[in-house]
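Structure first, commentary second.
The values are calculated or read from the model by the stated rules, or taken from the named source; none is laboratory data. As the structure is a computational prediction, the values presented were derived from the model and not from experiment. Note that we place each Cβ from the backbone using ideal geometry, even for glycine, and neighbour counts take in every protein chain shown.
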Amino acid sequence: MERTPARDPLPAAPDAETRGAVGTTDAPAPPADRPAPEPAEPAPDSRRSPDSPDSPDSPDSPDSPDSADSPSSAGSPGDPAPGDPAAEASAPSGERPATDAGPRGWTPPRWVTDRTDRAALLIWLCSHAGFLIYTYLAGPGRTTDPFLNRLTRWDAENFIAIAEWGYDGPPGMQDSGKLPAFFPGMALIIRLLRPIVSDGRLITVLISLVASAVAAVALSRLAEHTLRGSGPYAVAALFLSPFAAFLFTGYSEALFLALAFPAWLLARKGRWSDAALCTAAAATVRISGIFLAAGLVIMYLVAENGRRSPEHRRAWPWLALPAVPVALYSLYQWTRTGDWLAYNSVQAQYWGRHAVWPWEAFLNTWNMSDDVPTLTVSYYEEIIAAAVLLALTIWMAVRRRWPELAYLTPQVLSFLTLSSFYLSIGRASLTWFPLWLALGYAGVRRPWVFWTAMAIMLPVMAINVGNFTTGAWIG
């Protein structure tokens, strides 16, 4: 929505010297037989509108404070994205953009009226429809599982077990000891919705459906905050990425992104308390919430705009909030198992995740790809995903994107050194929002890069969707 240009300011009052020269009386009225002179038309305002594409203040400009090339923009409470409700509320009443008010003054929400939000939701809708159609067509001859079971394998079953029976698992579950590896956020929502929807499998799919819609809009707005026009490209890159199947099934990735993307956007706007609340909620879903919190802390420390403001100084206690749910979860598992680090212990016991040298983890993964033929493609994808993560992290360091670097570096250490082989790196790529923002940027400034990436990712996504929904492991 474009903002109505502000009126030219009133001419300044004459100074004392001018008043002495021309007097203080009003100018005489023109004679009756002479028509009054036409008022002079004001000269056009030479100031360039902030919305001008080639203006230094435009988000499209590399020199813009909101540009991806400007590390000082992180955490700036000013210059909100175009169409942001906060900007509209703070604008003078004469400058607010006109909206299509509904009956009795009802104003539609932004995701209804904003073109980029609608584009993001359209991509979300079409990708979900394509996934469901492909899942249905890929079943005959490959699996006889009911349709809903194809969407709720492995982790989804564990979330449902925790929601219904707690971390002790249902009676007779032989591997219930692995359940502490799953944070409680997803299971808590399943339990809350159980009185409304009786089937836990359907609940997990509905959670991913709604959460992925929120993530689509939030990612689009985050990309638009960096470069106008890049939002739909970033969303398309995410929902058509190789491991996008986990956004459509009963996994926790979509729920995490629905909290992580808004958290980062709120922090970019300087709304630290809201960002901390979203990050704390994300930390109840996945351990990656702690990595996100590290990025927010660095963003707070390097923010130039507003650093000396009282509001900025008062915000720092909020940055400790994301650690609270992780600490409470560790305390809860200690009361059950006597182990403060039950999450790590279970990872080592059931998935073989323990610290090794980086080259050992790589060699183990390479050798396992030959030893287990049914997982050969999956391990190759893990190796490629690890290379992408390493390259993305180095690029963030070169570009001096310190908050993004703080978010990605712990993941490099976790996946490449604290695990004896590569596992779930590809699935974690969904949470690497700097990658999707970069592809969104490429869609506007370097279209050939974007379309080359899409040409590579789409076939891999199709293979992974077919494998996952028919019972093959994909990460």
Filter result (surrounded by fewer than 18 Cβ atoms within 10 Å (Cβ to Cβ), within 18 Å of L247 (Cβ to Cβ) and not aliphatic (A, V, I, L, M)) within region 112-127: C126
On the basis of being aromatic (F, W, Y) and crowded, with 20+ Cβ neighbours inside 10 Å, does F147 make the cut? no
Looking at (1) in a helix (DSSP H, G or I); (2) modelled with pLDDT of 90 or more, which is the only condition R313 fails? (2)
Given P459, P410, which one is within 23 Å of L240 (Cα to Cα) and either surrounded by fewer than 19 Cβ atoms within 10 Å (Cβ to Cβ) or of a type outside the set (A, V, I, L, M) (or both)? P459
Complete set of residues in region 166-189 that are part of a helix (DSSP H, G or I) and either within 20 Å of D339 (Cβ to Cβ) or touching a Ser or Thr at 6+ places or on another chain (Cβ under 7 Å) (or both): G166, Y167, D168, S176, G177, K178, L179, P180, A181, G185, M186, A187
Picked from region 326-366 (must be in contact (Cβ under 8 Å) with a residue 24 or more places away in the chain and part of a loop (DSSP other than H, G, I, E, B)), the residue surrounded by the most Cβ atoms within 10 Å (Cβ to Cβ) is R353
Scanning region 138-158 residue by residue, the ones that are at pLDDT below 90 and in a helix (DSSP H, G or I) total 1
Among the residues that make up region 364-385, is at least one of them under 21 Å from the mean Cα position of the chain (by Cα) and at pLDDT 95 or above? yes
I'm trying to understand the selection: among the residues of region 452-467, which are touching a residue at least 60 places away in the same chain (Cβ under 8 Å) and of a type in the set (A, V, I, L, M)? A453, M454, M457, L458, V460, M461, A462, I463, V465
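Which members of region 395-407 meet the condition of being more than 20 Å from S241 (Cβ to Cβ) and surrounded by fewer than 17 Cβ atoms within 10 Å (Cβ to Cβ)?
A397, V398, R399, R400
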I need the helices (runs of 4 or more DSSP H) fully contained in region 378-475, keeping only those with at least 3 residues that are aromatic (F, W, Y) and under 30 Å from A303 (Cα atoms). 402-416, 433-445
Starting from region 193-208, take each residue that is in contact (Cβ under 8 Å) with a residue 24 or more places away in the chain and list its partners that are of a type in the set (F, W, Y) and surrounded by 19 or more Cβ atoms within 10 Å (Cβ to Cβ), counting only C-beta distances under 9 angstrom and pairs at least six apart or across chains. G200/F159; T204/F159; T204/Y251; V205/F248; S208/F246; S208/F248; S208/Y251
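Being surrounded by fewer than 19 Cβ atoms within 10 Å (Cβ to Cβ) and basic (K, R) is the requirement here; does R313 meet it?
Criteria met by R313.
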If you take the residues in region 367-377 that are in a helix (DSSP H, G or I) and hydrophobic (A, V, I, L, M, F, W, C), which one is nearest to L418 (Cα to Cα)? M368
Specify the residue that is nearest to the chain's Cα centre (by Cα); the eligible residues are those in region 133-144 that are closer than 23 Å to I207 by Cβ and exposed (fewer than 15 other Cβ atoms within 10 Å of the Cβ). I133
Within region 439-447, can one find any residue that is surrounded by 17 or more Cβ atoms within 10 Å (Cβ to Cβ), at pLDDT 95 or above, within 17 Å of A293 (Cα to Cα) and in contact with an Asp or Glu (Cβ under 9 Å, 6 or more places away or on another chain)? no
Flag if G169 is crowded, with 18+ Cβ neighbours inside 10 Å and on the phi > 0 side of the Ramachandran plot: yes
